[in-house]
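Inspection log for the structure reproduced underneath, given as structure tokens.
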Amino acid sequence: MISDNYIPEKINEYNAYLDGTKMIGVAAASTLPEVNMQTSTVSGMGVNGEIDSPTLGQFESMEQEVQFNTLYSSAVDMLNPLNAVNLTFRAAQQVYDKATGGGYAFKSLRIVEMGRVKKFKPGKIEKNNSMEATITLELTYILVEVDGVEILAIDKLNQVYRVNGVDMLADVRGMT
């Protein structure tokens, strides 16, 4: 777990896995999806103007784009519309360790995503370059762990929303 003794610096190395199997041919970087709560505008007496109020546990569309160097490899495995895609990113986070007088330590990062293919762009064909093919997933599930500790879990289909292991929807489920 990250503590006051650590200064997070960078991702030292990472890999992507499809259904537990290491993916080959994934581009050097992956931009993770934005997590935006659905909101509604609140206004009226006692409110000076408007408040864009988040609805706890309700999220906008979450998209994950995965870029591939070429169409060979794991890219094609993700295209089957009959199967959900189970994608995992595992990374080694390099942190500066103040407790050791300036040494380095490494903390694990694991991100698990599940969803379905929403868009496929085969990319381009150009001599001596990657194709930059992309697959866009519509996510229904995301889990983020640092050093084995859950910091975020969202499962849209099973009414799960946890932050640092705390169930944000326990009261909601108890009333419905």
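Give me a count of the residues in the range 138-176 that are within 25 Å of LYS119 (Cβ to Cβ), touching a residue at least 24 places away in the same chain (Cβ under 8 Å) and out of contact with any Asp or Glu (no Cβ under 9 Å at 6 or more places or on another chain). Number of matching residues: 2.
Is it true that GLU113 is within 16 Å of SER30 (Cβ to Cβ) and at pLDDT below 90?
Numbers: within 16 Å of SER30 (Cβ to Cβ): yes; at pLDDT below 90: no.
The answer is no for GLU113.
Within the range 42-58, not a single residue is closer than 29 Å to LYS124 by Cα and either surrounded by 14 or more Cβ atoms within 10 Å (Cβ to Cβ) or basic (Lys, Arg) (or both). Restricting attention to the range 60-80, report how many residues are of a type outside the set (Ser, Thr, Tyr), surrounded by fewer than 18 Cβ atoms within 10 Å (Cβ to Cβ) and within 17 Å of PRO33 (Cβ to Cβ). The number of residues fulfilling the criteria is 3.
The lone criterion from (1) more than 21 Å from the chain's Cα centre (by Cα); (2) open to solvent by 60 Å² or more (accessible area, probe 1.4 Å); (3) touching a residue at least 40 places away in the same chain (Cβ under 8 Å) left unmet by THR100 is number (3).
Would you be able to tell me the number of residues in the range 103-128 that are open to solvent by 70 Å² or more (accessible area, probe 1.4 Å) and hydrophobic (A, V, I, L, M, F, W, C)? Show your work before the answer.
Pass one, the range 103-128, residues open to solvent by 70 Å² or more (accessible area, probe 1.4 Å): 104, 106, 116, 118-121, 124-128.
After this cut, where a residue has to be hydrophobic (A, V, I, L, M, F, W, C) as well, the list is 106, 120, 125.
Within the range 103-128, residues that are open to solvent by 70 Å² or more (accessible area, probe 1.4 Å) and hydrophobic (A, V, I, L, M, F, W, C) number 3.
Applying the criterion of at least 1 residues that are among the small types (Gly, Ala, Ser) and over 16 Å from GLN58 (Cα atoms) to the strands (runs of 3 or more DSSP E) found wholly in the range 68-176 leaves 85-97, 103-121, 133-146.
Identify, please: which residue in the range 11-31 is on the phi > 0 side of the Ramachandran plot and in contact (Cβ under 8 Å) with a residue 60 or more places away in the chain and is, among those, least open to solvent (accessible area, probe 1.4 Å)? Within the range 11-31, the match that is least open to solvent (accessible area, probe 1.4 Å) is GLY20. The number of residues in the range 41-78 that are under 15 Å from MET131 (Cα atoms) and free of Cβ contacts under 8 Å to residues at least 24 places away in the same chain comes to 1.
For the range 126-145, check the following and say yes or no: at least one residue is among the β-branched types (Val, Ile, Thr), more than 21 Å from TYR17 (Cβ to Cβ) and modelled with pLDDT under 95. No, the conditions are met nowhere in the range 126-145.
The values are calculated or read from the model by the stated rules, or taken from the named source; none is laboratory data. Predicted, not measured: the structure shown is a model, and the values here were computed from it. Positions of Cβ are generated from backbone atoms using ideal geometry, with glycine treated the same way; all protein chains shown enter the neighbour counts. Please note that ligands, DNA and RNA were not included when accessible areas were found on the heavy atoms of the full protein model with its side chains. Shrake-Rupley method; radii C 1.70, N 1.55, O 1.52, S 1.80 Å.
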